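Right, one structure below, let's go through it.
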Amino acid sequence: MDNLNIIEEIVAKFTKSKTTLAVAESCTGGYISNMLTNVSGASNVFERGIVCYSNSSKISLLNINPDYLIQYGAVSEIVAKHLANNIRIFSKVTIGIGVTGIAGPTGGTPEKPVGLVFIGFSTQKETIVKKYQIKGNRIAFKEEVLEKVLTLLQNFE
């Protein structure tokens, strides 16, 4: 099944259950939000998407503690967790998603290689973070991150 069909199913399921979501995207640069809004009816469930590419935007738009960025870096579990949690709270939605990573082909280090991504998934009950290492160019990276996010949304009860 292609991603648009999966998104259509998620939109239908979330519309029925009155589940809403918002996305805070760094390394995907709005790709997830773009794909979600390619489906009719998305406005029933998708409240907002924020592209917080720079550290200053993470701080000013999503209240990420600057100390986290200094101590752990923008590409870290703690930043993904707070992106997801804060977008959920600020947007007053059921689910908040926060994505931060290194799309490449430059910018990687031995500790944080190109392709590293953290995806935060926040609900009122809990906030979890998944860590992935994705291979491929920037577009393939964004597509695979989208697929990981869609799997999390499909599995939400």
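The values are calculated or read from the model by the stated rules, or taken from the named source; none is laboratory data. What you see is a predicted model; the values in this text were computed from it and never measured. A quick note on method: Cβ atoms are made from the backbone with ideal geometry, for glycine too, and the neighbour counts reach across all protein chains shown.
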Which residue is farthest from the chain's Cα centre (by Cα), if the candidates are limited to the range 132-157 and must be in a helix (DSSP H, G or I) and among the β-branched types (Val, Ile, Thr)? 139
With (1) touching a Cys at 6+ places or on another chain (Cβ under 7 Å); (2) assigned to a helix (DSSP H, G or I) as the list, and residue 67 as the residue in question, which single condition is left unmet? (1)
Only one of 62, 152 is surrounded by 21 or more Cβ atoms within 10 Å (Cβ to Cβ) and either free of Cβ contacts under 8 Å to residues at least 60 places away in the same chain or in contact with a Pro (Cβ under 8 Å, 6 or more places away or on another chain) (or both), namely 62
May I ask you to list the residues in the range 1-21 that are in contact (Cβ under 8 Å) with a residue 12 or more places away in the chain, touching an Asp or Glu at 6+ places or on another chain (Cβ under 9 Å) and closer than 12 Å to residue 150 by Cβ? 3, 6, 21
Residue ID - nearest to residue 157 (Cα to Cα), chosen from residues in the range 1-29 that are of a type in the set (Gly, Ala, Ser) and surrounded by 15 or more Cβ atoms within 10 Å (Cβ to Cβ): 22
Residues to consider are 59, 102, 78; find the one that is modelled with pLDDT of 95 or more, farther than 16 Å from residue 22 by Cβ, touching a Cys at 6+ places or on another chain (Cβ under 7 Å) and hydrophobic (A, V, I, L, M, F, W, C). 102
Among (1) free of Cβ contacts under 8 Å to residues at least 24 places away in the same chain; (2) of a type in the set (Val, Ile, Thr); (3) buried (at least 24 other Cβ atoms within 10 Å of the Cβ) - the single one residue 106 does not satisfy: (3)
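Okay, residues lined up against (1) in a strand (DSSP E or B); (2) under 30 Å from residue 43 (Cβ atoms); (3) over 11 Å from the mean Cα position of the chain (by Cα); (4) of a type outside the set (Ser, Thr, Tyr):
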{"site": "73", "(1), (2), (3), (4)": "no, no, yes, yes"}
{"site": "78", "(1), (2), (3), (4)": "no, no, yes, yes"}
{"site": "86", "(1), (2), (3), (4)": "no, yes, yes, yes"}
{"site": "97", "(1), (2), (3), (4)": "yes, yes, no, yes"}
{"site": "100", "(1), (2), (3), (4)": "yes, yes, no, no"}
{"site": "109", "(1), (2), (3), (4)": "no, no, yes, no"}
Check the range 116-131 and report whether any residue there is surrounded by fewer than 19 Cβ atoms within 10 Å (Cβ to Cβ), acidic (Asp, Glu) and either out of contact with any helix residue (DSSP H, G or I) (no Cβ under 9 Å at 6 or more places or on another chain) or in a strand (DSSP E or B) (or both). yes
Selected residue (only one of 49, 41, 73, 96 is surrounded by fewer than 19 Cβ atoms within 10 Å (Cβ to Cβ), closer than 30 Å to residue 113 by Cα and of a type in the set (Gly, Ala, Ser)): 73
